[in-house]
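Below is the structure I would like to discuss, written out as structure tokens.
The values are calculated or read from the model by the stated rules, or taken from the named source; none is laboratory data. Worth saying up front: this structure is predicted, and the values here are computed from it rather than measured. Because the Cβ atoms are built from the backbone with ideal geometry, glycine has one as well, and the counts that use them run over all protein chains shown. When the accessible area is computed, the model is the full protein with side chains, heavy atoms only, and any ligands, DNA or RNA have been set aside. Shrake-Rupley method; radii C 1.70, N 1.55, O 1.52, S 1.80 Å.
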Amino acid sequence: MENRHVVIIPIEIDEEKEASYLAAWQGAAEVMAAQPGFIRTYMFRTIVPGSKFSLVNVAEWESTRHWEEAMNVCPMMGQQIAVVHASNYEAIRTVLPAQDPGAGDGRTPAELSPAEAHRRAEDGELTLVDVREDDEWAGRHPAGAVHVALGTLASSLSDLPDGPLAFVCRTGNRSAQGGVQAIRAGRSSVYSVAGGLEAWEAAGLPVVMPGR
């Protein structure tokens, strides 16, 4: 069970303005998708005739703090007004489609267990990349990892060593996003560490705590 911050924003808009609104929303959503802690977002259209709110935007974040910080960079005019009407919930259960946790599909990174990622990094078979924020990295990070915050990954991929990459974050969501960016940039043998640093520490694998 994983707690997540879910934002539900009902949108009241005239039908003739919907197309331009959705175009603006798409651009804003792509900016938000690059922010730390972003998981996913959906836009729904009601099927109930005469409904006051014809559209509903649902966004899922790793935490309230991540969502609040992302709102500071949201480029969509009027979005701050919409947020006043947002209903905020903590998701208490998530069910995902059954799949092989070790297999990527060519568009998403394959998953590695923390132990396997650690072994391969120790043997020089891959580069372990922590994509969390600077303050998170400074608090503690997996031994042997290099640091590239997710928001700067696109411009930093060329600086990473050739060969396989394994991305790690706190719980595995941002690392999957980082893996997708790497695959789109043409990197092969890209992995996401399942469960992130939380699973890494639970497995008793070594971490670095600067200053301690």
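Out of (1) open to solvent by 70 Å² or more (accessible area, probe 1.4 Å); (2) at pLDDT below 90; (3) part of a loop (DSSP other than H, G, I, E, B), the odd one out for Y89 is which?
Only one criterion in (1) open to solvent by 70 Å² or more (accessible area, probe 1.4 Å); (2) at pLDDT below 90; (3) part of a loop (DSSP other than H, G, I, E, B) is unmet by Y89, namely (3).
Condition first: assigned to a helix (DSSP H, G or I), open to solvent by 40 Å² or more (accessible area, probe 1.4 Å) and either in contact with a strand residue (DSSP E or B) (Cβ under 6 Å, 6 or more places away or on another chain) or farther than 15 Å from N72 by Cα (or both). Now tell me which residues in region 1-41 satisfy that.
Once the filter is applied, which keeps residues that are assigned to a helix (DSSP H, G or I), open to solvent by 40 Å² or more (accessible area, probe 1.4 Å) and either in contact with a strand residue (DSSP E or B) (Cβ under 6 Å, 6 or more places away or on another chain) or farther than 15 Å from N72 by Cα (or both), region 1-41 yields E15, E16, K17, A19, S20, Y21, L22, A23, A24, Q26.
Looking only at region 138-179, count every residue that is open to solvent by less than 30 Å² (accessible area, probe 1.4 Å) and either of a type in the set (K, R) or at negative phi (or both) and tell me the total.
21
Among A194, A117, A145, which is the only one that is within 17 Å of the chain's Cα centre (by Cα) and of a type outside the set (D, E)?
Details: A117 fails: within 17 Å of the chain's Cα centre (by Cα); A145 fails: within 17 Å of the chain's Cα centre (by Cα).
Result of the check over A194, A117, A145: A194.
Within region 42-54, how many residues are assigned to a strand (DSSP E or B) and touching a residue at least 12 places away in the same chain (Cβ under 8 Å)? It would help to see each step written out before you state the result.
Of all residues in region 42-54, those assigned to a strand (DSSP E or B) come to 42-45.
Now drop any that are not touching a residue at least 12 places away in the same chain (Cβ under 8 Å), which leaves 42-44.
Final tally of qualifying residues: 3.
Shifting gears a bit: Just checking, how many residues over region 146-155 are more than 16 Å from S188 (Cα to Cα) and either at pLDDT below 95 or not β-branched (V, I, T) (or both)?
Of the residues in region 146-155, 6 are more than 16 Å from S188 (Cα to Cα) and either at pLDDT below 95 or not β-branched (V, I, T) (or both).
For region 55-86: of the residues being open to solvent by 100 Å² or more (accessible area, probe 1.4 Å), under 16 Å from Y21 (Cβ atoms) and part of a loop (DSSP other than H, G, I, E, B), which is modelled with the highest pLDDT?
Step by step, filter region 55-86, then rank; the result is H85.
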